[in-house]
Structures are given as C-alpha cells and as structure tokens.
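What follows is a short report on a single structure.
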Amino acid sequence: MSGRGVNPFFRAHENGVDLFVRLTPRAAKDAIGAVSAGADGRNHLGAHVRAVPEKGAANAALERLVAACLDVPRSMVAVVAGGTARLKTVRVTGDPKSLAKRLEKLTAPDSDTA
C-alpha cells in the first residue's frame, strides 16, 4: 500500500493518500504519465494538462484529471503543496487501501492512462 518499491510516488495515511506529482502544463492533452525519479531521487507521477499555469488553472486541471483517473469526486482531490512549482503534492481523500490499489493499476506498465 505504499506505492512502487522502496521510493514510492505516493504515501498512504489514515484519510487517503498524498501523491507526488510532476506537472507539465500547456500539454497537447490531459493525461497521466509514467512514474519517474527526479534529480532529488524521489519518485513522481507524471501528469500533463492543457491548462496554462496562471491563476491556478493548471492546478485545477490537475485536480480534475486525478479525480477522473481515480474515479473519485473532484471535491476529494486537492493540491496541498507546490502550488506554484512543477513538483506538487496532491491529497486524495478516501479509503487508503482502495486508492492505493487504483494507483497501482493506473501506473501498471500495461495500463491505459487518461
């Protein structure tokens, strides 16, 4: 339930999960990408949104994308850290075990992403 391997891209807690995301705004389409390691050695889930990074538009688009991919209400997803940075923490409220399973399935090598 802790994400991929030793250095997961998400952390479960009693109220849900926190995702570590590397966001690319102004993309051709909204999509979840692969999990990759950053320069700091931490794993991040790649995400791409068409929105521009102005006035919170890209963050709102990321929240909608994550909600749709995990099949949870938009109100259960929030950017909680990195509001103006490319690396973000996104909190998803819900059952941590169920969310962890959805995340593993979403990022499985043979999975189709949004």
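Out of the range 78-109, which residues are of a type in the set (Val, Ile, Thr) and more than 12 Å from the chain's Cα centre (by Cα)? Full working, then the answer.
First, pick out the residues of the range 78-109 that are of a type in the set (Val, Ile, Thr): 79-80, 84, 89-90, 92-93, 107.
Hits for the range 78-109 are Thr84, Thr93.
How many residues are in a loop (DSSP other than H, G, I, E, B), of a type outside the set (Asp, Glu) and closer than 17 Å to Arg91 by Cβ if we restrict to the range 54-73?
Keep residues of the range 54-73 that are in a loop (DSSP other than H, G, I, E, B), which gives 54-56, 71-73.
Checking the rest, the ones that are also of a type outside the set (Asp, Glu) come to 55-56, 72-73.
The next check asks that each one be closer than 17 Å to Arg91 by Cβ; those that pass are 56, 72-73.
Matching residues across the range 54-73 total 3.
Within the range 84-105, restricting attention to residues that are among the aliphatic types (A, V, I, L, M) and in contact with a helix residue (DSSP H, G or I) (Cβ under 6 Å, 6 or more places away or on another chain), which residue is nearest to Ala34 (Cα to Cα)?
Residues of the range 84-105 among the aliphatic types (A, V, I, L, M): 85, 87, 90, 92, 99-100, 103.
Within this subset, residues satisfying the condition of being in contact with a helix residue (DSSP H, G or I) (Cβ under 6 Å, 6 or more places away or on another chain) are 90, 92.
Details: Val90: 16, Val92: 19 Å.
In this case the residue turns out to be Val90.
Quick check on my filter: what residues within the range 9-30 are surrounded by fewer than 21 Cβ atoms within 10 Å (Cβ to Cβ) and within 14 Å of Glu104 (Cα to Cα)?
Matches in the range 9-30: Arg11, Ala12, Asp18.
Which of the residues belonging to the range 5-33 are at positive phi, of a type outside the set (D, E, K, R) and not in a strand (DSSP E or B)? Reasoning before the result, please.
Here is the first cut: in the range 5-33, the residues at positive phi are 5, 16, 26.
Subsequent filtering for residues that are of a type outside the set (D, E, K, R) retains 5, 16.
The one that is at positive phi, of a type outside the set (D, E, K, R) and not in a strand (DSSP E or B): Gly5.
I'd like to know if the range 34-53 contains one or more residues that are within 14 Å of Phe20 (Cα to Cα), without any contact (Cβ under 8 Å) to a residue 40 or more places away in the chain, part of a strand (DSSP E or B) and in contact with a His (Cβ under 7 Å, 6 or more places away or on another chain).
Checked the range 34-53: at least one residue is within 14 Å of Phe20 (Cα to Cα), without any contact (Cβ under 8 Å) to a residue 40 or more places away in the chain, part of a strand (DSSP E or B) and in contact with a His (Cβ under 7 Å, 6 or more places away or on another chain).
In the range 92-99, is there at least one residue being surrounded by fewer than 18 Cβ atoms within 10 Å (Cβ to Cβ), out of contact with any Lys or Arg (no Cβ under 7 Å at 6 or more places or on another chain), of a type in the set (D, E, K, R) and touching a residue at least 24 places away in the same chain (Cβ under 8 Å)?
For the range 92-99, residues surrounded by fewer than 18 Cβ atoms within 10 Å (Cβ to Cβ), out of contact with any Lys or Arg (no Cβ under 7 Å at 6 or more places or on another chain), of a type in the set (D, E, K, R) and touching a residue at least 24 places away in the same chain (Cβ under 8 Å): present.
Only the coordinates and a few stated rules stand behind these numbers; no lab work does. Please read all numbers here as calculations on a predicted model, not as lab measurements. Cβ: placed from backbone, ideal geometry, glycine included. Neighbour counts: every protein chain shown.
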